[in-house]
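Scroll down for the structure; my scribbles are underneath it.
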Amino acid sequence: MGAPFTSRANIIMTTCLAVIACVVISVCLLWFAWPYSDYDRHVGWAVEQPVPFSHQHHVAGLGLDCRFCHSSVERSAQASLPPTFTCMTCHSQIWTNAAVLAAVRDSLLRNTPMTWQRVTNVPDYVYFNHSIHVAKGVGCESCHGNVAAMPLTYKAKTLTMQFCVNCHRNPGPNLRPAENIFDTDWHPGPDTPGAPALMARYHLGRRNLTECSICHR
Amino acid sequence: MPPVGQAPRTAIEMSDRALVRHFPQLESALSHTLDRRRMLKLLGLALASGGVAGCDPGTPDRGFVSAVRAAEGVVPGLPNVYATAHVRDGYAEGILVTHQMGRPIKVEGNPGHPSSLGATDVMAQALIYDFYDPDRATGPLHKGMPTSWPDLAAAMQKMRATAMTPRAGSTHAGEGLRILTGTVTSPTLGRTIERILAAFPGAVWHEWDAIGRENVTRGLGLAYGAPAAVIVDPRQADVLLALDSDLLDSAPGHLIPTIVWPDSRGTHRFKNVIHRMQTIL
């Protein structure tokens, strides 16, 4: 009786083992990394809304300020979305018959609120507060991207914990003068104060902002 | 209500029929006795299902519901305060309710209201529970089943014609119409009910509270010869004698006496009188 395995069997065996190990390791890595990928977090996807609202038209085109619609962004944890009445201050006079605006008119007529789908989100176990960031010179763009150029609103940043902590470690380079906070296409010019000057202006750098309890309360 | 003395005071005194009527589930509960095995099985099940509850994916995000018109003075995300009144047995006390976009989170007394002066009682504090209690009434019931306000209005509209025509042998419209309420001290509600009674002279209005104050009202009527309400100022007293009264504890309208009573400490007219309250229940 000859040998049951030829000498090739050893090679086949080791390659098989190596392939299995590779597959297991890459599946594990993928399983870990997938939730942090832009694809899984729907970064860059336009979300379907009751009305195809365009920041591009209203902000870049008409020059409206963010606070006209997101009125509580400077005072509260929430930026809040505008009441129907705010839209109708203009749309009772312009585009009054447009079919895309039917949902807005219905809402005011029937006194039923509109429901917007969330674009940006952090999990419930993360505490986030808009007012402190606005007060300390962090622009909307740092977290929401260039909203004024978006025909339909989409999520621009992954918003992982790493993203938040990266800035909290050293906010300086991401700060801007108070008058540019709501400008989502702002670039530092030659006469913009440097990072240390801005840190001093906003009284930053005295606290450790990576303390877990700041975001996980 | 049957006279108190005649009702059986404990379950042991009840006849079997009365027991079944009072506790409909008692019989089936007693016929399934729990042995130790069954008990452990159920306990195990309870433990295991506690773990299953942890797998709940959480409430799905239902998006933002933005207001139709912005509520005045309300900043989304910041608590807001709203002044209202808590009415118990007809006694109103002013309260301030802190709320988050319409959802109440804390009740406090209203310092500007004469019957609160910034204080509340336990009942007012418990109002929050009243609001979130899943068992509280959320709307009208019809034969024990929930129904809607428009349905109720439609049903009352239909009954109106029947109620308007006097019954055989009677000249009054509205016979058979009964209105049952708690003690009503709201002028608006009182006026509305009076208008109904004027339109339906045959109708009857019953006021009833689980723990009523009718004996107090009757006693005051006897004492003063006319219906009266007493506003107590215990600062005028050196010694308070309370007979079967919880004036400084939990009677409706007790807040102000409770707050001002200590003010008169050490100011009494007779040197040898100790400022105190005697209660006989």
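A few points about this structure:
- All positions within the range A:136-188 that are touching a residue at least 40 places away in the same chain (Cβ under 8 Å) and of a type in the set (Asp, Glu): A:Glu141, A:Asp183, A:Asp185
- Residue match in the range B:42-57 (condition: surrounded by 12 or more Cβ atoms within 10 Å (Cβ to Cβ) and either at pLDDT 90 or above or among the aromatic types (Phe, Trp, Tyr) (or both)): no
- Residue in the range A:64-103 that is nearest to the chain's Cα centre (by Cα), counting only those that are part of a helix (DSSP H, G or I) and facing another protein chain (nearest Cβ under 10 Å): A:Cys69
- Options B:Thr181, B:Thr188: the member that is in contact with a strand residue (DSSP E or B) (Cβ under 9 Å, 6 or more places away or on another chain) and either surrounded by 11 or more Cβ atoms within 10 Å (Cβ to Cβ) or of a type in the set (S, T, N, Q) (or both): B:Thr181
- Single residue of A:Val126, A:Val138 found to be touching a Cys at 6+ places or on another chain (Cβ under 8 Å), crowded, with 16+ Cβ neighbours inside 10 Å and either within 14 Å of chain B (Cβ to nearest Cβ) or not polar (S, T, N, Q) (or both): A:Val138
- Meets criteria (closer than 21 Å to B:Ala92 by Cβ and small (Gly, Ala, Ser)) for B:Ser170: no
- Pairing residues of the range B:173-195 that are among the charged types (D, E, K, R) with residues that are assigned to a strand (DSSP E or B), at Cβ distances under 7 Å and at least 6 apart in sequence or on separate chains, gives B:Arg178/B:Val204; B:Arg178/B:His206.
- Index of the failed condition, A:Ser92 passing every other in (1) surrounded by 12 or more Cβ atoms within 10 Å (Cβ to Cβ); (2) at pLDDT 90 or above: (2)
- Residue within the range A:159-175 that is part of a loop (DSSP other than H, G, I, E, B) and within 15 Å of the chain's Cα centre (by Cα) present: yes
- Some residue of the range A:159-175 being surrounded by 14 or more Cβ atoms within 10 Å (Cβ to Cβ), in contact with a Cys (Cβ under 6 Å, 6 or more places away or on another chain) and in the same structural domain as A:Leu64 (by TED's automatic domain parsing): yes
- Residue match in the range A:7-18 (condition: of a type in the set (Lys, Arg) and surrounded by 12 or more Cβ atoms within 10 Å (Cβ to Cβ)): no
- The set of residues in the range B:127-172 that are in contact (Cβ under 8 Å) with a residue 12 or more places away in the chain and under 26 Å from the mean Cα position of the chain (by Cα) comprises B:Leu127, B:Ile128, B:Phe131, B:Pro140, B:His142, B:Leu152.
- Within the range B:72-96, residues that are basic (Lys, Arg) have Cβ atoms under 6 Å from residues that are surrounded by 18 or more Cβ atoms within 10 Å (Cβ to Cβ) and part of a strand (DSSP E or B) in no pair, counting only partners at least 6 apart in sequence or on another chain.
- Within the range A:33-59, the residues that satisfy the criterion of being part of a helix (DSSP H, G or I) and at pLDDT 90 or above are A:His55, A:Gln56, A:His57, A:His58, A:Val59.
- Scan the range B:105-118 for residues that are surrounded by 17 or more Cβ atoms within 10 Å (Cβ to Cβ) and assigned to a strand (DSSP E or B) and the total you get is 2.
The values are calculated or read from the model by the stated rules, or taken from the named source; none is laboratory data. What you see is a predicted model; the values in this text were computed from it and never measured. All Cβ positions, even for glycine, are placed from backbone atoms using ideal geometry, and neighbour counts span all protein chains on display.
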